[in-house]
Amino acid sequence: MLPLLGERLSHGQKGTETLFMAACIVTAQVVMVPMAMLVGAKADAWGRKPLFLLGFAVLPIRGVLYTLWGNPYYLVSVQMLDGIGAGIFGALFFIVVADLTRGTGHYNLAQGAVSAAWGLGAALSNSVAGVIADRFGYDTAFLFLAAMALLAFLLFWLGMPETGGHSRRAATAASEPPIGAVPEIIVGRSGMAAPDPMG
């Protein structure tokens, strides 16, 4: 949505493209940094899925809000929602991938696959939204992106489990001795064998 927003803001105002894009990016960054810090601190307590759903929810809201008013100050202020979503995704992306691949040795493979899908989606989004904007206008393009974001929200809500519990279960299983394990025997100073209290 950001490239489309920058194009809309600079439409008919030649020479302002860089200024408007810089304003949109800085506005989002101001919100993104504290949001990422909050998510990193609360991901275990609040759960990964609710926070990720919040990140997905702001995307369709943002797309709809862009169609309500053409005032540049209003449009730039809506970018604060982009900071919320970016902060959540940036902080949780690596955590969730680590949760799902813990103990498998496939973390780098999964991270690469998800990153590739993310990049492909971004490229298709810019291309398709650009064609729609040219033919039907910016509002239609923003509503299309909002509809796609809503679909992603529903798919994540219905199809993605909470991964925080998966991570804790994997860590617990790794720390527990296997079933039927024999306690280690320690020979004391008296020469008598005694079970290892730590075993």
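How much net charge surrounds Tyr138 when only the other residues with a Cβ under 12 Å from the Cβ of Tyr138 are counted, with Lys and Arg +1 and Asp and Glu -1?
-1
Taking the number of other C-beta atoms within 10 Å as the exposure measure, put Phe52, Phe93 in order starting with the fewest.
Phe93, Phe52
Testing the spin-label approximation: label points 7 Å from Cα along Cα→Cβ at Val114 and Ala41. State their distance in nm.
2.4 nm
Taken together, the values in this text are just the output of simple stated rules run on the coordinates, not laboratory data. Quick caveat: nothing in here was measured; it's all calculated off a predicted structure. We place every Cβ from the backbone using ideal geometry, glycine too, and count neighbours over all the protein chains shown.
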